[in-house]
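K.L.:
Just dropping this structure here.
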Amino acid sequence: MRDPRMVTFARNIIRYSVELQPGENILIELIGVKDPELAKCFIEEVYAVGGNPIVELRDPAINRSMMLGATRETLEKKAEIELSRMKEMQAYVAVRAGDNVTETADVPEDRLKLYMSVYSRPVTNQRVNHTKWCVMRYPNGSMAQLANTSTDAFEDFYFQVCNLDYSKMETAMEPLVQLMNRTDKVRLVSPGTDLSFSIKDIPAIKCCGKRNIPDGEVYTAPVLNTVNGIISYNTPTVYSGTSFENVVLKFENGKIVEATSNNSARMNEILDTDEGARYIGEFAIGVNPYILHPMKDTLFDEKIDGSIHFTPGQAYEIADNGNRSSVHWDIVLIQRPEYGGGEIWFDDVLIRKDGRFVIPELECLNPENLK
């Protein structure tokens, strides 16, 4: 029997998130999703608005096999074909629900680099910069396990988070966007963290259900060579199938000059992927009132209420500081009291303390005002 929450979910994505118009082409990728009803819901919604659905089913384990054996020639041909298809799309939706978040943990580093640089990054750049796109997870037993909850409880949480009124959040974010666009100096202070940088003249972008589901962040990027100090992240993070904890990054003039974690060697291999991987491509403030604790899933963790994320690697062209990399690694620092607290300062004015906005024009973003 079809879950009515699934129908609402698909309708919101097609009509609000990507705002599909009659005659537009949309690529819908279901990655590891085993419920055919979800695909049917999307197809029905696309047809209802007069669009053209192109649906593809992918499996993470099959993708791992592709990574292990692919030559540069194979990946170049794959990129050529998929890039050509992506250029025909006006919209893109990806729903991901792998059974194993560490599926690619044993793929050798040189294989991952080749796959990312030759195939993944060119296709992703086309999708990010030239389509109306929205990327999301979908609830399953693996995600429930990461969240330390039952599958039924996680599904309830998921639909609460993903089907909230994002149009209300969009309005509430506007004062923060305007403030960030007027700001030069940013300072982040938390246990083990004292970091300063400029965001002058780099646009602030609100994320309110138009690009990710769940959503709830406002992001920009630091001026490339202005980052100085140290940041100690207090959430676990997964990159290319490897889990990292206790990540600490030290910066000098924008560059990561020291990186440690529970797996420092692997972390530094990733940061040495290319020159841009040791510079920051994104600074974001998380505000989703329903997401409170990390679960090793970036799309959820980066939206945590009272958090920031500070991202080594590729910058978005819409908020561009010029950094280019095949890496884009969102790592999260939570500043609510139960995680040690913390402060955000804009031009020497305290704007958020212990996860709560403390200046009047931003109080609309505190959790009680977004639910």
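The values are calculated or read from the model by the stated rules, or taken from the named source; none is laboratory data. Note that the coordinates shown come from a computational prediction; the quantities given were computed from them, not determined experimentally. Cβ: placed from backbone, ideal geometry, glycine included. Neighbour counts: every protein chain shown. The accessibility values were calculated without ligands, DNA or RNA, using every heavy atom of the protein model including side chains. Shrake-Rupley method; radii C 1.70, N 1.55, O 1.52, S 1.80 Å.
K.L.:
Would you point out the residue of the stretch 318-364, among those that are over 24 Å from Gln178 (Cβ atoms) and over 22 Å from the mean Cα position of the chain (by Cα), that is surrounded by the fewest Cβ atoms within 10 Å (Cβ to Cβ)?
P.N.:
Across the stretch 318-364, the extreme among qualifying residues is Glu338.
A quick yes/no check of all residues on (1) at pLDDT below 95; (2) under 17 Å from the mean Cα position of the chain (by Cα); (3) surrounded by fewer than 17 Cβ atoms within 10 Å (Cβ to Cβ):
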residue: Pro175; (1), (2), (3): no, no, no
residue: Arg182; (1), (2), (3): no, no, yes
residue: Val186; (1), (2), (3): no, no, no
residue: Ser190; (1), (2), (3): no, no, no
residue: Cys208; (1), (2), (3): yes, yes, no
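K.L.:
Evaluate the following for Gly216: is it touching an Asp or Glu at 6+ places or on another chain (Cβ under 7 Å), in contact (Cβ under 8 Å) with a residue 60 or more places away in the chain, open to solvent by less than 50 Å² (accessible area, probe 1.4 Å) and closer than 18 Å to Ile13 by Cβ?
P.N.:
Spelling it out, it is not the case that Gly216 is touching an Asp or Glu at 6+ places or on another chain (Cβ under 7 Å), in contact (Cβ under 8 Å) with a residue 60 or more places away in the chain, open to solvent by less than 50 Å² (accessible area, probe 1.4 Å) and closer than 18 Å to Ile13 by Cβ.
K.L.:
To continue, here is another question. Could you say whether any residue in the stretch 223-231 is of a type in the set (Val, Ile, Thr), under 19 Å from Leu333 (Cβ atoms) and in contact with a helix residue (DSSP H, G or I) (Cβ under 7 Å, 6 or more places away or on another chain)?
P.N.:
So the first thing to find is which residues in the stretch 223-231 are of a type in the set (Val, Ile, Thr), and the list is 223, 226-227, 230-231.
Filter again for under 19 Å from Leu333 (Cβ atoms), leaving 226-227, 230-231.
From what is left, the residues that are in contact with a helix residue (DSSP H, G or I) (Cβ under 7 Å, 6 or more places away or on another chain) are none.
The answer is no, given that none of the residues of the stretch 223-231 is of a type in the set (Val, Ile, Thr), under 19 Å from Leu333 (Cβ atoms) and in contact with a helix residue (DSSP H, G or I) (Cβ under 7 Å, 6 or more places away or on another chain).
K.L.:
Of everything in the stretch 93-144, what is more than 25 Å from Thr273 (Cβ to Cβ), of a type outside the set (A, V, I, L, M, F, W, C) and open to solvent by less than 30 Å² (accessible area, probe 1.4 Å)? Give them in sequence order.
P.N.:
Thr131, Tyr138, Pro139, Asn140, Ser142
K.L.:
Report, by residue number, each residue of the stretch 235-252 that is in a strand (DSSP E or B) and either in contact with a Phe, Trp or Tyr (Cβ under 8 Å, 6 or more places away or on another chain) or at pLDDT 95 or above (or both).
P.N.:
From the stretch 235-252, those in a strand (DSSP E or B) are 237-239, 242-244, 248-252; that's our starting set.
Result: Thr237, Val238, Tyr239, Phe244, Val248, Leu249, Lys250, Phe251, Glu252.
K.L.:
Of the conditions (1) of a type outside the set (Gly, Ala, Ser); (2) under 20 Å from Asp3 (Cα atoms); (3) more than 22 Å from the chain's Cα centre (by Cα), Leu30 clears all except one; give me its number.
P.N.:
Condition (3) is where Leu30 drops out.
K.L.:
Out of (1) assigned to a loop (DSSP other than H, G, I, E, B); (2) of a type outside the set (Lys, Arg); (3) touching a residue at least 60 places away in the same chain (Cβ under 8 Å); (4) open to solvent by 10 Å² or more (accessible area, probe 1.4 Å), what's the single condition that is false for Ala315?
P.N.:
Result: Ala315 passes all but (4).
K.L.:
If you take the residues of the stretch 253-273 that are in a loop (DSSP other than H, G, I, E, B), within 19 Å of Gln314 (Cα to Cα) and not hydroxyl-bearing (Ser, Thr, Tyr), which of them is least open to solvent (accessible area, probe 1.4 Å)? Working first, answer last.
P.N.:
Step one: filter the stretch 253-273 for residues in a loop (DSSP other than H, G, I, E, B), giving 253-254, 261-263, 272-273.
Narrowing further to those that are within 19 Å of Gln314 (Cα to Cα): 253-254, 272-273.
Pick out the ones that are also not hydroxyl-bearing (Ser, Thr, Tyr) and you get 253-254, 272.
On the way: Asn253: 98, Gly254: 0, Asp272: 89 Å².
So, considering only residues that are in a loop (DSSP other than H, G, I, E, B), within 19 Å of Gln314 (Cα to Cα) and not hydroxyl-bearing (Ser, Thr, Tyr), the one least open to solvent (accessible area, probe 1.4 Å) is Gly254.
K.L.:
Restricting to the stretch 67-109, count the residues that are touching a residue at least 24 places away in the same chain (Cβ under 8 Å) and either under 22 Å from the mean Cα position of the chain (by Cα) or in a helix (DSSP H, G or I) (or both).
P.N.:
29
K.L.:
For the stretch 302-317, which positions are modelled with pLDDT under 95 and not hydroxyl-bearing (Ser, Thr, Tyr)? Give the derivation first.
P.N.:
Going through the stretch 302-317, the residues modelled with pLDDT under 95 turn out to be 316-317.
Matches in the stretch 302-317: Glu317 only.
K.L.:
Could you say whether any residue in the stretch 241-256 is within 30 Å of Ala91 (Cα to Cα) and over 14 Å from the mean Cα position of the chain (by Cα)? Full working, then the answer.
P.N.:
Taking the stretch 241-256 as the starting set, the residues that turn out to be within 30 Å of Ala91 (Cα to Cα) are 241.
After this cut, where a residue has to be over 14 Å from the mean Cα position of the chain (by Cα) as well, the list is 241.
Yes: one or more hits.
K.L.:
Report every pair of residues separated by at least 6 positions or lying on different chains whose Cβ atoms are under 9 Å apart, first residue within the stretch 282-294 and open to solvent by less than 10 Å² (accessible area, probe 1.4 Å), second among the charged types (D, E, K, R) and in a strand (DSSP E or B).
P.N.:
Correct list of pairs: Ala284/Glu217; Ile285/Glu217; Ile285/Arg352; Gly286/Glu217; Val287/Glu217; Asn288/Glu217.
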